[in-house]
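The values are calculated or read from the model by the stated rules, or taken from the named source; none is laboratory data. Keep in mind it's a predicted model, so treat the numbers as computed, not measured. Cβ sites come from the backbone with ideal geometry, for glycine too, and all protein chains shown count toward neighbours. Accessible surface is based on the protein model in full, side chains and every heavy atom, while ligands, DNA and RNA are left aside. Shrake-Rupley method; radii C 1.70, N 1.55, O 1.52, S 1.80 Å.
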Amino acid sequence: MDRRTLLLATAATAAGALATACGSAGGLPAGEVAVLGDSTAWEKPMTAAGAAMKSVASLRLVPEVNPSLESFEQIVRSSLRTDKTPDMLKYWSGYRLRDLARTGGIVDLTPQWDDAVAKGWVEPSLRDAFTHRRRVYGLPMNLAYWVMFYNPEVFREYDIRTPRTWDGFLAACARLKKAGITPLHGTAADRWPSFIWFQEVLSRQDPRFYQDLMNGRDRYTDPRAERALRTIASFFDKDWFTPMDLSHTDAAAALVAGEVGLVACGTWLGSTLAGAGGKPGGNVGAFVLPMADPKARPSVVFESSALVATVKGADHDEAVEATGSWLHPAVMRAFSGALQDGCPNPKVKAANPVIAGLTEQVRGDKLWLLNRFWEQGPPELVEATVDDLAGFLLNPSSYRKTLRTMQDRADDAWRVWREAEKT
């Protein structure tokens, strides 16, 4: 197949997918608003939120799902230029949301954000993750913290304490290894998780550098970035990692079975652990990875999807009206309870006791919230850097070459991004 034929085939596929995904583009019945997302796991929570919103705003959210990440992004980009745009979207925060806001195809939700802050319905510190040029273009849906999941029963059996320091974390890994349990889940399966350990180690060693690097204010060739990759390489040297093709679903089952000691992931993994027989507070627990530098500002990585309203949606007015009720406690309680994840509304306690405990710790200790790697930086740069990190995981000795490659990409990507920001 030549390039022209391939492009035509891709365009035809996208057009077909767009027609399928935007079945509501002609408009749903009055009082119903479609929300297009990329996760089947969110379908029931969105339905629950829609039912709750019906009781507080006489509007019902109707989930539509396209589970293919590539197809979903293609549909969103293509549809914003047409009159077949979904009413609302489940999207990403950070630079991916900013990139979408640049198209002019999504609604400025600053008034809705300000109203939610005034009512105490949202964590004010999350604002920057949903802004473009100081205006808010998305409302937080969930609030997942990136933590270490473990099996308390295994820790008790081998007399391992939940780590409170970085040295305690290293000691726990050594003890697990001695007990015949693979200490850490590491993976390049599904591609995107390749950033996880770089994110976790770097944000523990130097959260300020992590923040500056992710926002293009520092460089991958800095010794601090090299230190992070050398730390990860040392875990490989100690044979602490699982095979790099072990998915999160399989890792969750292995953790519950006592075969893997620690799984680094967002708190949204809780539903997967439950599906594998995990019981929060029983054979499933979680903790925030301790700071490697005790003098550094205590922090934790978070992840939050954005609820977005489109400019050209068939039910535009009702979609905008729905955003005003999205963060209502009743809607958030229904949604986060069904999702079994954290909630951006401080007035709503997480239904999952493990996540509720983590939320109390994060808020009580006033941990600095750092946005996840995937949402940080120009999307094209993040995509390429994830591939570079996957290569490093498969060949840990290549860390210096990997860092040089990532910086070369970053130089080009940030130059293009900043030029576009001027327009």
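Kirkwood analysis of the Cα pair distances in the stretch 61-166 returns a hydrodynamic radius of 16.9 Å. What percentage of the solvent-accessible surface of the stretch 223-272, computed with a 1.4 Å probe over protein heavy atoms, is contributed by carbon and sulfur atoms? Reported share for carbon and sulfur atoms: 49 percent. Scalar couplings 3J(HN,Hα) for the stretch 83-92, obtained by applying the Karplus form with A = 6.51, B = -1.76, C = 1.60 to θ = phi - 60°, are 9, 10, 7, x, 5, 9, 10, 8, 10, 8 Hz; x denotes Gly and Pro.
Would you list, by chain and number, the aspartates and glutamates whose Cα falls below 12 Å from the Cα of LYS90, excluding same-chain residues fewer than 8 positions away? The reachable aspartates and glutamates, counting only those whose Cα sits under 12 Å from LYS90, are ASP38, GLU43, GLU64, GLU73. For the stretch 46-79 and the stretch 96-136, write down the distance between their C-alpha centroids in whole Å. Value for the Cα centre distance between the two parts: 18 Å. Distance from the C-alpha centroid of the stretch 389-420 to that of the stretch 195-243: 13 Å, rounded to the whole angstrom.
Need one number: the % of Cα-Cα pairs in the chain sitting beyond the 43 Å mark. Everything past 43 Å amounts to 11 percent. Each of LYS178 and ASP387 was given a label point 7 Å from its Cα along the Cα-to-Cβ line. The distance between the two points is 4.4 nm.
For the stretch 186-229, backbone nitrogen atoms closer than 19 Å to the point 7 Å from SER68 Cα along Cα-to-C-beta are found at 190-192.
Place the peptides 31-43, 215-227, 111-123 in order of packing, highest mean first, counting for every residue the other Cβ atoms within 10 Å and averaging per peptide.
Taking the mean over residues of other Cβ atoms within 10 Å, the ranking is 31-43, 111-123, 215-227.
With a Förster radius of 22 Å applied to the C-beta separation of ASP408 and ARG191, the computed FRET efficiency comes to 0.60.
Close amide-amide hydrogen proximity is noted between LEU262 and LEU184, HIS185, each under 5 Å apart and 5 or more residues distant or on a separate chain (H modeled in the peptide plane; Pro and chain starts excluded). Under a 5 Å amide H cut-off, with hydrogens placed 1.01 Å from N, TRP368 pairs with SER299, VAL300 among residues at least 5 apart or on other chains.
Given a Förster distance of 35 Å, report the FRET efficiency between SER58 and ALA356 from their Cβ-Cβ distance, rounded to the nearest 0.05.
0.65
Checked against a 24 Å cut-off, the cross-linked pairs LYS84/LYS422; LYS279/LYS349; LYS54/LYS279 give Cα-Cα distances beyond that limit for LYS84/LYS422; LYS54/LYS279. Entry comment: accessible area of the stretch 253-410 is 36 Å² per residue, from protein heavy atoms only and a probe of 1.4 Å.
The accessible area of TYR137, taken with all protein chains in place and a 1.4 Å probe, comes to roughly 40 Å².
Helix 69-79 axis versus longest C-alpha principal axis of the chain: approximately 30°, rounded to the nearest ten.
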